[in-house]
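Here the structure is laid out as structure tokens; the discussion comes afterwards.
The values are calculated or read from the model by the stated rules, or taken from the named source; none is laboratory data. Since the model is a prediction, treat every value here as computed from it, not as a measurement. For neighbour counting, all protein chains shown are included, and Cβ atoms are generated from backbone atoms with ideal geometry for every residue, glycine included. Each accessible area value is taken on the protein alone, full model and side chains, heavy atoms only, with ligands, DNA and RNA left out. Shrake-Rupley method; radii C 1.70, N 1.55, O 1.52, S 1.80 Å.
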Amino acid sequence: MNRDVFGIHHVTAITSDPQRNIDFYAKNLGLRFVKLTVNQDDPTSYHLYYGDELGLPGTILTFFHWPDAPKGRRGTSEVIATSFLIPENSINYWIDRFKSKQIEFRGPYKRFEDEQVITLYDPDGLELELVAHRPAEDQSVNVWKEGPIPIEHAIRGFHSVTLSEEGYDRTASVLTDELGFMPTRQDGSRFRYEIPTASGVTRGEEARRANIVDVLCLPDTQHAVIGIGSVHHVAWRTPTDAQQKVLRHNILRAGLNATPVIDRFYFHSVYFREPGGVLFEIATNPPGFMVDEKAEGLGTRLVLPPWLEYMRKDLEKVLPRVCLPKKEKEQQELNKQ
């Protein structure tokens, strides 16, 4: 059995304002709003999910709605940047869009010779990147077609995440020995690791690469404080429950603490901290986000896992009201009316 992960499953961050968050990611970046649900460990707060047309692993950005959390402070031991993949010829489109939306950005600038990068921040201060790279041309199958971004320029899921670390050796050891990444490039204090193409990987899985993690070594930087505008954790995807158990076994054998398998309804999760302090998760691809909604209805109503359904009336009273994004064609019809 191949015990390696396949790449990024999802990235989870923290927001203070669910409506502002929805407007930014669905309307400005054009991601599909995939799921409106609650934080299973704190059901009085939202858990928001964005992704591609079907909410496939490798495209999912999620947010815990914690308005009373402290403001995050950037530093080491965190995911310092979350990067989305865009087509090579889309840089100018996104620059023009950010200017028209009055969204501040930096770049484009070159990384590793074959990538053009734009850096921006969401309304809570979360650092994001758009990375223009050739592989985007092969990843258009499940692009969200009902959003505000033309298909030829739309985000293609994740490109990578960047970990900020005081050192990198022990973190690199976990990435390579336990998760199956391979070192591929270095540029100064930036070390790149990638999941190699594996035999037996399905065509659809191969198309959703999202298989890169950069480790940025910043020994003179203060330790991060995780809060609003921070990434809470990054999840790596694995195809089956059996493979997840193999990964968990090897994580424990490496001397790291790991949680039992936790049922998150849309996937099964195991959490552990890598030696540098970043919270990692191993998440299964199935069951997926269509276990309780059809594809066309994703993200159109509040959904709860079965074990929290009894709380629906109480939760609807305490959760803030949000206006959910409409499909672009529906919005155009409303504008005409």
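Couple of notes before you dig in:
- Shape call, segment 79-210: gyration tensor on alpha carbons, a/c limit 1.5: oblate
- Label point distance in nm, residue 242-residue 17, each placed 7 Å from Cα along Cα→Cβ: 4.9 nm
- Candidate values [x] 46; [y] 52; [z] 65, label of the one derived for percent of Cα pairs over 26 Å apart: [x]
- The value of relative contact order for the chain, using C-alpha pairs under 8 Å at least six residues apart, is 25 percent.
- 1.4 Å probe accessible area per residue over segment 47-202, in Å²: 42 Å²
- Total formal charge among the other residues, if their Cβ is under 9 angstrom from that of residue 305, Lys/Arg +1 and Asp/Glu -1: -2
- Cβ-defined net charge surrounding residue 35, 12 Å radius [Lys, Arg +1; Asp, Glu -1]: +1
- Segment 215-319 shape via C-alpha gyration tensor axes, a/c threshold 1.5: oblate
- Protection-proxy order for peptides 232-244, 28-40, 306-318, each taking the mean of Cβ atoms within 10 Å per residue, highest first: 28-40, 232-244, 306-318
- Shape category assigned to segment 151-272 from the gyration tensor of Cα positions, a/c cut at 1.5: rounded
- Packing, as the average of other Cβ atoms within 10 Å across residues, places the peptides 257-267, 146-156, 53-63 in the order 53-63, 146-156, 257-267, highest first.
- Partners for residue 35 among lysines (Cα-Cα distance below 26 Å; same-chain residues under 8 apart left out): 27, 71, 101, 145, 294, 313, 317, 326, 327, 329
- The chain - percent of accessible surface contributed by carbon and sulfur, probe 1.4 Å: 50 percent
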